[in-house]
Amino acid sequence: GDRIDELLDLVDLADVGDKQAEEFSGGMKKRLDAAMALVHQPPLVFLDEPTTGLDPKARNRLWKYFQRINDQGTTIFLTTQYLEEADQLCDRLSVILDGKIVATGSPADLKRRVGGEILDVDLEDGEDASDRAATVVRETDIFDSEATVEVTEDGISVTSENARERGTDLLVALRDEGLTVTGFNIRAPTLDDVFLAITGDEMDDDQAVTGDEAATAAEVER
């Protein structure tokens, strides 16, 4: 009926609605599961990575649908590896690592755990320059004692309560070290920063976070 057609279109399966599910890929089956869970408009829905395999436009359409049924009284519990999705949709979320919950709270609460703001600095000359810049941060008192520095693909990221106030001092110190800054940005923490901070504390440096090892469980409550 119309309800079925609406849901198949919502999860981007309208063009294969006449096919057997056994012919579907893994991602298509997950989206079909999501549509099936929503058919009877239940008061509580559990969804496992419902937007896997969707393009950004289709994903945003499904997000809007989740928000609409939540406004109408449905509580949604979902797992996702898209941290933007958790940030956009959930009232509370838990970070799961190796099958264990390692952090729980609202997105705002978890971001506050990172502490302060994040200063991203892009540098010329690749990894060597990044390592030298990180050493400058660690061996000087430019930032507060709780500040952390991470070497990134393009340079370094510094998390500090006084990142905004002392950012210029860092630029001067990097210049004195003979390093060339090509980009400079101060921003608030994101859930990506939260996730990396939490899983980084829980894992060895050479252990990768894969889809099977780490995920986010998000709850959208009425």
Next item on the list: Tabulate in residue order the Karplus-calculated ³J(HN,Hα) for the stretch 153-167, using 6.51 cos²θ - 1.76 cosθ + 1.60 with θ = phi - 60°, rounded to whole Hz; enter x for Gly and Pro.
Entry: 5, 9, x, 9, 10, 10, 10, 7, 5, 10, 4, 5, 6, 10, x
Check: Roughly speaking, what is the stretch gain from Phe184 to Glu161, that is 0.36 nm per residue apart minus the C-alpha to C-alpha distance, in nm to one decimal?
Finding: 6.6 nm
Item checked: Paramagnetic reach from Val16 in the stretch 48-85 [backbone N under 15 Å; point 7 Å along Cα→Cβ] -> 51-55
Notebook entry, point to check: Which distance in Å, rounded to a whole number, links the C-alpha centroids of the stretch 132-176 and the stretch 40-61?
Noted result: 40
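Please compute the length gained on full extension between Ile4 and Asp48, using 0.36 nm multiplied by the number of residues separating them and subtracting their Cα-Cα distance.
Numbers: separation 44, 0.36 × 44 = 15.84 nm, distance 1.98 nm.
Full-extension gain reported as 13.9 nm.
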Check: Dividing the convex hull volume of the Cα atoms of the stretch 128-192 by its residue count, what figure in Å³ per residue is obtained?
Finding: 87
Checklist line | Cα-Cα pairs of the stretch 52-120 separated by more than 14 Å (percent) | finding: 67
Next item on the list: Give the residue from Thr51, Ala129, Tyr82 lying farthest towards the positive end of the charge dipole for the chain; charges sit on Cβ (+1 for Lys and Arg, -1 for Asp and Glu) and the dipole is referred to the Cα centre.
Entry: Thr51
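Where a number appears in this text, it was derived from the coordinates with a stated rule and is not lab data. Source: prediction; values computed, not measured. Backbone-built Cβ (ideal geometry, glycine too); neighbour counts: all protein chains shown.
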